[in-house]
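Only the coordinates and a few stated rules stand behind these numbers; no lab work does. In this text the structure is predicted, and so the values were computed from the model without any measurement. Cβ coordinates were reconstructed from backbone atoms using ideal geometry, including for glycine residues, and neighbour counts include every protein chain displayed.
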Amino acid sequence: MSSDSTPVDLADPAFLAALAATIKRWGRELGFADVRIADVDLSHREAGFQAWLDKGYHGEMDYMASHGMKRARPAELVPGTVRVVSVRMPYLPPAVDPARSEPPDWRAREEARSADPAAAQVSIYARGRDYHKVLRARLQQLATRIEGRIGAFGYRVFTDSAPVMEVALAEKAGLGWRGKHTLLLHREAGSMFFLGEMLTDLPLPVDDPVTSHCGQCSACITACPTGAIVAPYELDARRCISYLTIELKGSIPEALRPLIGNRIYGCDDCQLYCPWNKFAQRASLPDFDPRHGLDSASLIDLFGWSEAEFLKNTEGSAIRRIGHERWLRNLAVGLGNAAAVASHRGDAAIVAALRARQGHPSALVAEHVAWALARHGIT
């Protein structure tokens, strides 16, 4: 008799094992590269998380502290939770058009763009559709399938959208190990994937965690442009380019601006130079394909977007969350940093683009534009 016709008995270990296998199969059918299950005891992470908060490493991300230890206690967030169904979904887009004269390897291509002072470097994950929407929709479909099989059950689905220690839960479920850059790593997939989870009251059998394979490697620590990885497995978010360009609402500290380079939304460097990402898997869904040329745009082109164009071009994108004002702030820093390359210092097109925003009504934008012009020797 197939598992789908087996009577529902949530006290029967054999039924639960079959259900877990079915959930994993359904998850793969929905586009997840891997689906694994863990219990929700994260008590071993509480002291480290509190120490991180005490150091102020979360910066302005008040939401990291506002829920207290609930972040490490999923059963307090969703009462009745005993298991997490943890999933990962790769987001690295398919290889670029071979007709384009670019390095064939994605890492070499990203390195080349980071070194191009005119290029606008957007983190790979943010070039396509908002991952929150994609993963939540797929997780909801998975939950609906389970409901169709066993009837109503307790659950909530998340992806980077609630006080949940996603990496710790995914690590416990065996989706990979926590790298020294604090992201999850997988031997056959690197780290270029999103995580999501379903917290549930189903007492499913759990999977075993995997061992760490970072060894003595410190490539991610060395590669970080701002020195945000202050020690293995310890990130000072206040120095992280992703935090500075996305989470920080005000002025970017002047000392850190030159270190940001042309990175205008997020940063991939700690992943780019990780040896395990030679195994990074390509996305199976078209949702993460780049939109509006965000994989090849110039700083000047994006700086020219009006607010209406910004809203139109970022519809359905994670980028929209920072708003047009911070978008211009970030781009002004990138344009200012182009002056670090002699051939671009005082470039007429860059200076003209900055001058066009010099009288911007936002004090935040105007300040960063003035700083950028000063970098080009314009006062």
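With the biggest extent put first, the Cα atoms of the chain measure 75, 49, 42 Å across the principal axes.
How large is the dipole of the chain about the Cα centre if only Lys and Arg carry +1 and Asp and Glu carry -1, each at its Cβ, rounded to the nearest 20 debye? Magnitude of the dipole: close to 460 debye. For the peptides 191-199, 252-260, residues were scored by their other Cβ atoms within 10 Å and the scores averaged per peptide; the highest-first order is 191-199, 252-260. Pull up the DSSP beta bridges for the chain and report the antiparallel fraction as a percent, rounded to 5. The antiparallel proportion sits near 90 percent.
Once you order the gyration tensor axes a ≥ b ≥ c over the Cα atoms, which shape class does region 13-57 get: rounded for a/c under 1.5, otherwise prolate or oblate by comparing a/b with b/c? Because a/c hits 1.5 or more and a/b fails to exceed b/c, region 13-57 counts as oblate.
The order of ARG355, ARG71, ARG329, going from fewest to most other C-beta atoms within 10 Å of their C-beta, is ARG355, ARG71, ARG329.
In angstrom, the C-alpha Rg and Dmax of region 206-297 are 15.9, 48.
For the chain, the cysteines with no partner cysteine C-beta closer than 4.7 Å are CYS214, CYS217, CYS224, CYS240, CYS267, CYS274. Remark: C-alpha extents of region 267-367 on the principal axes read 46, 34, 20 Å, sorted largest to smallest. Each residue, ALA112 and ALA21, gets one label point 7 Å from its Cα in the Cβ direction; the gap between the two is 4.8 nm.
Neighbour counting of Cβ atoms within 10 Å sorts the residues SER343, SER212, SER242, SER86, fewest neighbours leading, into SER343, SER212, SER242, SER86.
Would region 201-250 count as rounded, prolate or oblate if I go by the C-alpha gyration tensor, calling it rounded below 1.5 in a/c and otherwise prolate when a/b exceeds b/c, oblate otherwise? Taking the square roots of the gyration eigenvalues as a ≥ b ≥ c, region 201-250 is oblate. Going 7 Å from the Cα of SER306 toward and past its Cβ, which residues in region 315-332 have a backbone nitrogen under 19 Å from where you end up? Backbone N within reach: 315, 323-329.
Qualifying trypsin sites (Lys or Arg not before Pro) in region 126-221, where qualification requires a DSSP coil assignment and no more than 10 other C-beta atoms within 10 Å, are lacking entirely. For the residue pairs LYS55/LYS180; LYS180/LYS278; LYS24/LYS70; LYS133/LYS278; LYS55/LYS249, the C-alpha atoms sit more than 24 angstrom apart in LYS24/LYS70; LYS133/LYS278. Using a Gaussian network model of the chain in which every pair of alpha carbons under 10 angstrom is joined by a spring, one finds that among ASP39, ASP208, ASP268 the greatest mean-square fluctuation is at ASP208. For region 96-234, the relative contact order works out to 21 percent when only alpha carbon pairs closer than 8 Å and six or more residues apart are counted.
Within region 212-254, name every residue whose backbone N is under 20 Å away from a label modeled 7 Å from Cα of ASP54 along the Cβ vector. Under 20 Å, as judged by backbone N against the label point of ASP54, lie 230-238 of region 212-254. The charge dipole of region 101-152, taken about the Cα centre with unit charges on the Cβ atoms of Lys, Arg (+1) and Asp, Glu (-1), comes to about 440 debye, rounded to the nearest 20.
Based on the Cβ-Cβ distance from ALA152 to SER284, what FRET efficiency comes out when R0 is 30 Å, to the nearest 0.05?
Plugging the Cβ-Cβ distance into 1/(1 + (r/R0)^6) gives 0.50.
With both labels modelled 7 Å from their Cα along Cα-to-Cβ, the ASP9 to SER212 distance reads 4.3 nm. If R0 is taken as 41 Å, the Cβ-Cβ distance between ALA255 and ASP201 corresponds to a FRET efficiency of 0.25. Cβ-Cβ distance of ALA95 and ALA231, R₀ of 30 Å, FRET efficiency by 1/(1 + (r/R0)^6): the value works out to about 0.25.
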